[in-house]
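The values are calculated or read from the model by the stated rules, or taken from the named source; none is laboratory data. Since the model is a prediction, treat every value here as computed from it, not as a measurement. Note that we place each Cβ from the backbone using ideal geometry, even for glycine, and neighbour counts take in every protein chain shown.
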Amino acid sequence: MMNKKLWIGVAAACTALAVAGLAAAHNRDAGVQSATATFNATSVTEKVQATCTAGGDTYAFTRAIYTGTATSSDPRLSGPVTIRAKSLVDTTTGVGGLVGRIRIDGTDSSGAYGVVRTAISNGQAAGVVHAKLHGPGGWLLASLGSGFDTASGFSSGTVGAATTGAGAIFSGGSCLRAVHGKGNGHKPLRLRFELRY
């Protein structure tokens with residue numbers, strides 16, 4: 001059963017996302033410093049995807065784990081990176097959104113763990129990352145920009161230096177269909193995207 005008010009996506013023109021990366025240290029010499037990193041997370045595992053059609057468009061809901069490597073002059077942001085994310089993309093227009101959790105295993109027992117929220121437009125993800133740092137402690141608030149595809153993950157990604165942009169508007173509604181067919185005792189799969197993880 002389809003709800004044609006499922007979701008409305010509007011792509012903004014790819015404009016510069018001018019949010020710099022900031023890292024605030026929690027110690028006696030507290031302060032704020034700039035922070036940047038590059039990353040690729042192109043290994044895709046535990047992928048689950050479902051689609052539905054409403055209002056003439058097809059929507060793909062995907063949940064997966066994306067892994068790779070991040071590089072930064074800050075050891076807390078340099079090392080193996082894991083992004084557990086769910087995304088919803090209008091495959092007709094290429095517009096959508098992604099939310100998830102990111103973990104970077106830095107050097108010498110340091111690292112970062114936090115939340116990623118992005119809009120998606122024509123294979124580009126643009127948004128923000130907010131993460132707790134350790135070794136030493138602090139908080140990261142930074143822009144995130146990357147190529148993104150549910151099948152191949154994140155490519156040529158940047159943290160704190162994103163130049164790509166995307167925008168999406170989400171409206172209420174859902175798309176329902178039976179996972180294994182009607183009358184087999186399985187609950188319908190509800191495809192609903194919310195900006196939280």
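Values for this structure:
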| item | result |
| --- | --- |
| For Thr62: the one exception among (1) at pLDDT 95 or above; (2) hydroxyl-bearing (Ser, Thr, Tyr); (3) surrounded by 16 or more Cβ atoms within 10 Å (Cβ to Cβ) | (1) |
| Some residue of the range 32-52 being buried (at least 16 other Cβ atoms within 10 Å of the Cβ), out of contact with any Cys (no Cβ under 9 Å at 6 or more places or on another chain), more than 22 Å from Ser121 (Cβ to Cβ) and not hydrophobic (A, V, I, L, M, F, W, C) | yes |
| Condition met for Gly137 (loosely packed, with under 15 Cβ neighbours inside 10 Å, modelled with pLDDT of 90 or more and in contact with a His (Cβ under 9 Å, 6 or more places away or on another chain)) | yes |
| Flag if Asp149 is within 15 Å of the chain's Cα centre (by Cα), among the acidic types (Asp, Glu) and surrounded by fewer than 20 Cβ atoms within 10 Å (Cβ to Cβ) | yes |
| The listed residue being of a type in the set (S, T, N, Q), in a strand (DSSP E or B), farther than 16 Å from Ser155 by Cβ and over 19 Å from the mean Cα position of the chain (by Cα), out of Thr45, Thr53 | Thr53 |
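Each row is one residue, and each column tells you yes or no for (1) assigned to a strand (DSSP E or B); (2) touching a residue at least 60 places away in the same chain (Cβ under 8 Å).
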position: Ile65; (1), (2): yes, no
position: Ser73; (1), (2): no, no
position: Val81; (1), (2): yes, no
position: Arg117; (1), (2): yes, yes
position: Ile120; (1), (2): yes, no
position: Val129; (1), (2): yes, no
position: Leu140; (1), (2): yes, yes
